[in-house]
Structures are given as C-alpha cells and as structure tokens.
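Colleague: Mind having a look at this structure? Questions to follow.
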Amino acid sequence: MKDERKNTIKLALWTMSWVVTLAVATFGPKFIWDYQLFLTIFAVALNLAIGILMIVANRSYFNNLDELQRKIHIEALAITLGLSMIAGVSYSLLDTTNLIPMDAEIGFLIGFMGITYMISLFINVKRYL
C-alpha cells in the first residue's frame, strides 16, 4: 500500500512537471523571452525530456499495480486509444474537408482522450470492484 501511494505521488509529480514545462514552452516565447530561438528550443527540449521521464514513471506505476488494477487500467487505455484514433481521424477529416469552420486543434483531442480515459476507468472500476 505504501509503494502504491509512493508511485502515485511520483507519477503525479512527473505529470505536473510535464504540464508546467508544456505551459512554459507554449507561452514563454510570447510572454517571457520574446521568441528568442535558443530559449524556445531549450523549453521544447526540456518538455520532451520531462515527458519521457513521465512515461517512465507511468510505466513504473503500472508495473507496481496488482493484476486486477492493471486489467482495469489496460482496458481503459485500450478504449481510449481506439476512440481517440477514430475521433482524431474523423476530426481531422472534418477540418480537411472544410465541414467545420475552424482548424482542428490537438488540444481538443487531448481533452477527449482525458475524458474518455476517466469515464472508461470509472466504468471498469464499477464493473470489477
């Protein structure tokens, strides 16, 4: 139980670090360092490195779950992957065929993925526990 809590906190910290570096890389060039190329490249590279470390923490988290918890998460991830692929391609087609008045933005797909994962996880927890 103590290891599970430790791994959850570790994953949360890496995820928060990635979100912070993403915000810095996104808004820093415009609001902080006036589009200086070196700082922008550094911010993006740092975000990439932190993202990789977040993936390592995520893998460690899943490897330390018991079999039932792992099954619940893997099923939620499978549903999320499938729906995100279908929705993402459809969303892109809507944009490229000009059926929507705006450009397809990746942020909407990421939000969709987060919501899908949370709902799938909730349903699986209810189903198995």
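Colleague: Could you say which residue among V89, V56, V125 is aliphatic (A, V, I, L, M), in the same structural domain as I9 (by TED's automatic domain parsing) and out of contact with any His (no Cβ under 9 Å at 6 or more places or on another chain)?
Modeller: On the way: V89 fails: in the same structural domain as I9 (by TED's automatic domain parsing); V125 fails: in the same structural domain as I9 (by TED's automatic domain parsing).
Every option except V56 fails the conditions.
Colleague: Okay, moving on. Quick one: in segment 22-40, which of the residues that are over 18 Å from the mean Cα position of the chain (by Cα) and under 21 Å from G107 (Cα atoms) is surrounded by the most Cβ atoms within 10 Å (Cβ to Cβ)?
Modeller: Initial filter on segment 22-40 (over 18 Å from the mean Cα position of the chain (by Cα)): 27-40.
Narrowing the set further to residues that are under 21 Å from G107 (Cα atoms) leaves 27-31, 40.
Numbers: F27: 11, G28: 19, P29: 17, K30: 10, F31: 9, T40: 15.
Residue satisfying both the conditions and the ranking: G28.
Colleague: Just for helices (runs of 4 or more DSSP H) wholly inside segment 1-112: which have at least 3 residues that are touching a helix residue (DSSP H, G or I) at 6+ places or on another chain (Cβ under 9 Å), over 25 Å from N124 (Cβ atoms) and polar (S, T, N, Q)?
Modeller: So the answer is 2-31.
Condition check ((1) basic (K, R); (2) within 21 Å of D3 (Cα to Cα); (3) surrounded by fewer than 16 Cβ atoms within 10 Å (Cβ to Cβ)) across all residues:
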position: F62; (1), (2), (3): no, yes, yes
position: D66; (1), (2), (3): no, yes, yes
position: I72; (1), (2), (3): no, yes, no
position: E75; (1), (2), (3): no, no, no
position: G88; (1), (2), (3): no, no, no
position: D95; (1), (2), (3): no, no, yes
position: M102; (1), (2), (3): no, no, yes
position: M118; (1), (2), (3): no, no, yes
position: Y128; (1), (2), (3): no, no, yes
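Colleague: Still on this structure, I have one more. Which one of these is touching a residue at least 40 places away in the same chain (Cβ under 8 Å) and touching a Ser or Thr at 6+ places or on another chain (Cβ under 9 Å): N58, N64, N47? Full working, then the answer.
Modeller: Numbers: N64 fails: touching a Ser or Thr at 6+ places or on another chain (Cβ under 9 Å); N47 fails: touching a residue at least 40 places away in the same chain (Cβ under 8 Å).
After applying the criteria, what remains is N58.
Colleague: With respect to N124, determine if the residue is touching a residue at least 40 places away in the same chain (Cβ under 8 Å) and either over 22 Å from I9 (Cα atoms) or not β-branched (V, I, T) (or both). Before the answer, list the steps.
Modeller: Working: touching a residue at least 40 places away in the same chain (Cβ under 8 Å): yes; either over 22 Å from I9 (Cα atoms) or not β-branched (V, I, T) (or both): yes.
For N124, the condition - touching a residue at least 40 places away in the same chain (Cβ under 8 Å) and either over 22 Å from I9 (Cα atoms) or not β-branched (V, I, T) (or both) - is met.
The values are calculated or read from the model by the stated rules, or taken from the named source; none is laboratory data. Values in this document were obtained by computation on a predicted structure and should not be read as measured data. Note that we place each Cβ from the backbone using ideal geometry, even for glycine, and neighbour counts take in every protein chain shown.
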